[in-house]
Amino acid sequence: MTFVEARNAIVSGLETHIGRPVVLSDQIAGRPEFPYCYYSVLTPRTSNHAFGLHEVVGDEEQGYRHIRSEPVEATMSFTFCGQNREAEDGSYIYGEDEALDLAEKGHGFFLLNGHCIPVGSEDIVIRNVGSVAGRSGFVVEDTVRRYGFDVRLAYVRTDEMPTTTVLGARTPGNAHQ
């Protein structure tokens, strides 16, 4: 599995769970309607630099592939945003409550059904879920209220490339001569 595959599974699952958009931070795109969540990748791959598991798979018809797998970790940060505003029905929405409620719901995703996320035949394991903390920043009059937390996850990174074998090597004569 690659980090992109792991990230996409996590973002998709979280978005489904909270029922609101989950977008990448610091991108040139329109901001979604409040409330929403944005994420950033703090470390896409932390390895203990193990040699990993190496294997050659395949056959002569399909070709051979060299596969290397190793356990790695990544850290992602999630921030949930709300803003004080009037609702369409005339009631008032408090951004503080909205952001905190959404952050708690997102936190629950990782603590409950997101603790082990299947991706095909592999799994993403949630190693640590940080505490929900305030992340608000003040702008003159309008304040976007923010709460967030960091998540450390583990998965098995797999790299592969075409290779050849010496299984069918033919040497003329006696190799010892």
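The values are calculated or read from the model by the stated rules, or taken from the named source; none is laboratory data. Note that the coordinates shown come from a computational prediction; the quantities given were computed from them, not determined experimentally. For the accessible areas, the whole protein counts, side chains as well, though only heavy atoms, and no ligand, DNA or RNA atoms are used. Shrake-Rupley method; radii C 1.70, N 1.55, O 1.52, S 1.80 Å.
Straightening the chain between ASN8 and THR43 buys 11.1 nm, computed as 0.36 nm per residue apart minus the Cα-Cα spacing. Hey, any idea what % of segment 23-132's accessible area is carbon plus sulfur with a 1.4 Å probe? Using a 1.4 Å probe with all protein chains present, segment 23-132 comes out at 50 percent carbon and sulfur. Nearest 10 degrees is fine. How inclined is helix 95-111 to the longest principal axis of the chain, computing both from alpha carbons? That works out to roughly 30 degrees. For the chain, modelled as a GNM whose springs connect Cα atoms under 10 angstrom apart, the maximal fluctuation among ALA133, ALA99, ALA74 occurs at ALA133. P(r) tail, segment 12-63: Cα-Cα pairs separated by more than 14 Å, 71% of all pairs.
Relative contact order of the chain: 25 percent, from C-alpha pairs under 8 Å at least 6 residues apart in sequence.
What is the angle, in °, between the Cα long axis of helix 3-18 and the longest principal axis of the Cα atoms in the chain? Nearest 10 is fine, range 0 to 90. Tilt relative to the chain: about 30 degrees.
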